[in-house]
1. When only C-alpha pairs under 8 Å and at least 6 residues apart count, what is the relative contact order of region 540-588, in percent?
2. Rounded if a/c is under 1.5, else prolate if a/b beats b/c, else oblate: with a ≥ b ≥ c from the C-alpha gyration tensor eigenvalues square-rooted, which is region 595-670?
3. How much length, in nm to one decimal, is gained on full extension between residue 727 and residue 496, taken as 0.36 nm per residue of separation minus their Cα-Cα distance?
4. Going by a ≥ b ≥ c, the root eigenvalues of the Cα gyration tensor, does the chain fall in the rounded group (a/c under 1.5), the prolate group (a/b larger than b/c) or the oblate group?
5. Could you tell me the relative contact order of the chain? Use alpha-carbon pairs under 8 Å, at least six residues apart, and round to a whole percent.
6. In which sequence would 184, 677 go, from the one with the fewest C-beta neighbours within 10 Å to the one with the most?
7. Quick check on packing: order 715-725, 86-96 by the mean number of other C-beta atoms within 10 Å, highest mean leading.
8. What FRET efficiency comes out for residue 607 versus residue 564 if R0 is 41 angstrom and r is the Cβ-Cβ distance? Round to the nearest 0.05.
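Read-outs throughout are calculated quantities, based only on the coordinates presented, and are distinct from any laboratory measurement. Predicted model only: the values in this text are computed from it and were never measured. Cβ placement follows ideal geometry from the backbone for every residue including glycine, while neighbour counts extend to all protein chains displayed.
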């Protein structure tokens, strides 16, 4: 049986250490830095002592940041309730921690006064004034607390949540840091992004001052970054070469560039090199940096002595404040440092009656002064640096693995302590797990005359086989192999071609109808017999007869025929084969349309009589040119009531052949509605209407004849002035009805018009 040891080193350490300085997981290649078991909050301190991993806290407790279900300050350590098995912790006004089972917990400002679990599978966290941000194993970022200006980075603002909210766009985070109104994220590729309000430029991207980035944006000018830290309004970043960069609020000297001017642009801090750790506090206004020689540099606000420079004025450039140092912990109004001999030192001041000075009296100090955590009243452990290592060994059942100096056979968790070449303690946490023997099934189908090779064995016959091999983990694996034969396949193809065409398949040509066979390999590579049924379509023939009228044409298949005869056309039918059509064209004589009119020039309301003079036609359609009246009479008449030139048209048709002929003539209708013929006149000598007169334009000749009821003509003369005076042969005519005939002649067009009607003569008294 084959034995396999597989060892996986996780970047997730299991010993408790703090956020304030750099995490000792080797991110960015900085493996020589070792974290310690002490940390600070804004006005409080924290440590883990003993194997239980219990978190202890002291200092100010106005936001319950000590996690002991109280808000009373304490100068001596108190237990953070429920916080055992802790391996990572961070504090501001809100506190957060990660337990050894990778669960995330919070307490303090905006949360409960004791620890409450809010998230699983986390590897890093940073707590600030009112927000805690976690990084999960998968590199995503999650936040709880207040999202006043969009620091959650999920596109929202002005809300808060006690349930973790996922940040948009981030899947490979390594570190986070909280400034007052923003969240800064360091990615595994060494670039930095930020979300929130760009107060005094802390977002550092192309966002207006006091503008918002509600989803994370890239901060330009940074690469190969291995750690980030934030205070109230400023951010510092450490790159893999040991240089430090700063941006954001400079009003209290936090940018370390000698100025108190804010900067949205990232700038390298002069005078800092070979830096291995940086430290800052969310509500503070100063930073600390530690170089590879153990020298501590500080800059920023120093009103409480928190920089440790010896005076209480702001420090605008990084200044050396300590040597021979192993770790740095920057709070808000104070700072802790841990010397190389694991002694603890402090500078600055507590806040409002809460002491961070342990065995010393609570007063303001401007230089780092040694304090004693392991004597009364603190009775804590001394600062301790431990390199945690987590290993996982996987073995096959029945095998063993060397854990420390002992071979272990059972799956489970083990631990032992080692010292490295520099004398640092290293706690090794080992998990021993079994790799189970696997069982698999393989199904293979093959051609009947083929064989199958699986590893070193060859199988020809169909059936079930068992084989034992080592799986990819090195343990025994039993494989069931099922082999079956593909049947020789039979295929059939039916195709149709036109007469005199060729069908080609697999380089073989066929032109005659029939059944053919081809032998080839199918898509599986097995023998395949293909049966080909070939049909041949014969060329088709068709006939058609067409009768056209004389002078007309017939179009077919892009040809036009005008003369009688038989024509042959060739084209492709719907199957694409040749088709022949014989067209017989017969030309028949068309009728002759003709007519005459009683008068071609008339006045309105005159009647025109039409005489049909057509030949070889038996169906007639008359259009009188008035756009309204049609007649089918042989010899119609029409009264024209509209003036103008009217086109009278006759369509003569032979209904037997359908042939037609058309003739049209113009009827000129003159408008004479401009004059009126009086019906009554009264020749009684009163000077009114004594003469019968009709008024005409001067170019009209007019003549009127008037007859009595017996047909006797009693007046003949002009219809205009002076007109008829109602007398005959010098005597007045009696009252009654008289008949008139009126003749008009247009002296311009020489047209004559005739009218007749009646006149009533009356002689009133």
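1. It comes to 50 percent, rounded to a whole number.
2. Prolate, since a/c reaches 1.5 and a/b exceeds b/c.
3. In short, 72.3 nm is gained.
4. Cα axes put the chain in the oblate bin.
5. Computed value for the chain: 7 percent relative contact order.
6. Neighbour counts put them in this order, fewest first: 677, 184.
7. Final packing ranking: 86-96, 715-725.
8. Plugging the Cβ-Cβ distance into 1/(1 + (r/R0)^6) gives 0.35.
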